[in-house]
Amino acid sequence: MLEHLASVCSAPDCERTLSEDRRMLTMETPDGTRRAYECECGAVTVTVLSDEQTRTQQ
Ligand SMILES: [Zn+2]
């Protein structure tokens, strides 16, 4: 239910929101667009967006 909201760090003790300027890379896959974010805490979180959510990001 949270996938429509901003990404949040996946580290257990970290709930920082991952903004676009934390994005390290973007990968197009059959399942959608995968994005890797590096949090200020050092953890890397990967999110997957379905095609309908990618819209006008660049
Ligand atoms: Zn974090």
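Would you be able to tell me the number of residues in segment 21-41 that are part of a strand (DSSP E or B), more than 17 Å from Ser10 (Cβ to Cβ) and within 16 Å of the ligand (Cβ to nearest atom)?
So the answer is 0.
Which residues, taken from segment 42-53, are at pLDDT below 90 and either more than 11 Å from the chain's Cα centre (by Cα) or not in a strand (DSSP E or B) (or both)?
Ser50, Asp51, Glu52, Gln53
Looking at segment 19-41, I want the residues that are farther than 14 Å from Ser7 by Cα and have a partner that is within 12 Å of the ligand (Cβ to nearest atom) with Cβ atoms under 9 Å, at least 6 apart or on another chain. Which pairs are those?
Cys41/Cys9; Cys41/Ala11; Cys41/Asp13; Cys41/Cys14; Cys41/Arg16
The values are calculated or read from the model by the stated rules, or taken from the named source; none is laboratory data. All values reported here derive from a predicted model rather than from experimental measurement. Heads up, the Cβs are rebuilt from the backbone with ideal geometry, glycines too, and the neighbour counts pull from every protein chain shown.
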